[in-house]
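**Q** Shown below is the structure under consideration.
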Amino acid sequence: MFHVYVITSETHPERYYIGFSSRPDDRLTEHNAGKNPSTANFRPWRFAALLSFPSEEQARRFERYLKGGSGRAFLRRHILSEE
C-alpha cells in the first residue's frame, strides 16, 4: 500500500505538512526526530489524516492534489478544521 499523510504540529497547530510514504509510521518518526528540514522547527508532529491507495501513482496524484489550491482548501474545510 501507498499512503498520503497530513501531519500537524502539536506546538504550532496552524502548521501542517503533506507527504507520501509506503511506511507512514516510520516517516512520522523521522519528522519528529528532526530529519526533515521542512518540519524540524515545529516538532512534535501527529497524524491529522492518513489515506491509503493501492498504487503509487494514485497516491502521488492525490498528494499533488492536496498540495494545490483546491486541495489545500479541501484540507482546511474537512481535515484541519476544529469544528
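Quick note: the coordinates plus some simple rules give every number you see, no bench work behind them. Everything numeric here is computed off the predicted structure, so don't read it as measured data. With ideal geometry, Cβ positions are generated from the backbone for all residues, glycine too; neighbour counts draw on all protein chains shown.
**Q** Name every residue in the stretch 1-26 that is under 19 Å from G71 (Cβ atoms) and charged (D, E, K, R), in order of residue number.
**A** Once the filter is applied, which keeps residues that are under 19 Å from G71 (Cβ atoms) and charged (D, E, K, R), the stretch 1-26 yields E14, R15.
**Q** Looking at (1) in contact with a strand residue (DSSP E or B) (Cβ under 9 Å, 6 or more places away or on another chain); (2) surrounded by fewer than 15 Cβ atoms within 10 Å (Cβ to Cβ); (3) among the aliphatic types (A, V, I, L, M), which is the one condition that is false for V4?
**A** Condition (2) is where V4 drops out.
**Q** Tally the residues that are in contact with a Leu (Cβ under 7 Å, 6 or more places away or on another chain) and surrounded by 15 or more Cβ atoms within 10 Å (Cβ to Cβ), restricting the search to the stretch 28-71.
**A** Residues of the stretch 28-71 in contact with a Leu (Cβ under 7 Å, 6 or more places away or on another chain): 45, 47-48, 62, 66.
The next check asks that each one be surrounded by 15 or more Cβ atoms within 10 Å (Cβ to Cβ); those that pass are 45, 48, 62, 66.
Looking only at that region, the number is 4.
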